[in-house]
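Here the structure is laid out as structure tokens; the discussion comes afterwards.
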Amino acid sequence: RIIGGSPAVTGAWPWLVQLKKVNTNAPYCGAVLIDSQWVATAAHCIVGMGLYPEMLKLLVGKHYLTENSYDPHEQVRTVSGIIVHSQYNQYTVKNDIALVKMNRPVEFVHGGINFICLPEFGEKFSEHSTCYTAGWGLTEENAQSHVIQEVKLPIVPHATCNKPSSYNSYVTDKMLCAGKMAGGVDTCQGDSGGPLVCEKADGRWYLVGITSWGRGCGEPNYPGVYTKVSAYMDWIRLKMDQNK
């Protein structure tokens with residue numbers, strides 16, 4: 001869920017994707033369009049489903065939560081392949097990243113569907129970056145948002161996030177924290193796998209994090225923890241090349 005956010009303008013986040021189990025109405029995780037036929041998400045959204053791509057579908061170009069609602073750009077795709085990071089650990093949540101290949105490319109729509117720019121391998125984003133996360137997850141107890149919610153999140157310095165009063169060294173150098181140490185803004189379960197994006201000087205938005213884990217929702221001293229995408233760029237490029 002997005003805590004402390006507000007409804008987004010239609011088309012504001014054209015790379016957001018809903019991950020759904022077939023025959024269910026609500027998405028269970030978010031994902032992000034990184035190429036015409038590929039999305040990135042969290043490994044914990046996929047593990048256990050790698051053998052059954054036919055159990056999943058992806059909805060692109062969505063603004064409203066439910067399928068078949070008024071979304072003129074909505075495109076539905078099935079899954080042709082799933083790649084979970086081979087060193088994903090569900091107990092430490094290390095390497096919480098996965099790629100999903102769609103059965104066919106999406107058609108890009110100006111103002112509706114577009115992919116996110118990818119960072120360079122090892123690229124760093126400072127705490128002064130303008131960053132947002134967005135999604136449809138729960139916004140309050142047991143209520144899902146009907147439209148995309150967005151929230152601006154500052155990146156939290158690694159040392160701050162790993163203080164004994166915070167995550168106490170559990171955050172690795174392949175993870176990053178974002179949110180306010182005072183609490184009140186955060187992403188939670190409903191938006192697992194969704195993107196943390198930051199704007200660069202060129203005016204473009206880049207995929208910086210994938211929503212991974214955290215303690216509670218919007219609690220002081222416990223910002224959200226994200227998979228640091230720049231640490232995995234070599235892996236992402238390799239897997240996409242190997243599975244063209």
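The values are calculated or read from the model by the stated rules, or taken from the named source; none is laboratory data. Note that the structure is predicted; figures quoted are calculated from it, not measured. Neighbour counts are summed over all protein chains in view; Cβ atoms, including those assigned to glycine, are modelled from backbone coordinates with ideal geometry.
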Sort through V151, V100, V106 and tell me the only one that's crowded, with 22+ Cβ neighbours inside 10 Å and more than 18 Å from the chain's Cα centre (by Cα).
V106
Pairing a residue in region 186-208 that is within 16 Å of Q18 (Cα to Cα) and at pLDDT 90 or above with any residue that is of a type outside the set (A, V, I, L, M, F, W, C) and in a helix (DSSP H, G or I), where Cβ atoms lie under 8 Å and the two sit 6 or more apart in sequence or on different chains, gives G193/H44
Hand me the list of strands (runs of 3 or more DSSP E) wholly inside region 31-96 holding 2 or more residues that are free of Cβ contacts under 8 Å to residues at least 40 places away in the same chain.
75-84
Exception for V106 within (1) in the same structural domain as I34 (by TED's automatic domain parsing); (2) without any contact (Cβ under 8 Å) to a residue 60 or more places away in the chain; (3) of a type outside the set (S, T, Y); (4) over 19 Å from K228 (Cβ atoms) falls at (2)
Going through (1) farther than 17 Å from L153 by Cβ; (2) surrounded by 15 or more Cβ atoms within 10 Å (Cβ to Cβ) one by one, L238 fails only at (2)
Extreme residue, nearest to the chain's Cα centre (by Cα), among residues of region 51-82 that are β-branched (V, I, T) and buried (at least 21 other Cβ atoms within 10 Å of the Cβ)
V60
Number of the condition not met by Q18 [criteria: (1) more than 20 Å from D234 (Cβ to Cβ); (2) in a strand (DSSP E or B); (3) free of Cβ contacts under 8 Å to residues at least 40 places away in the same chain]:
(3)
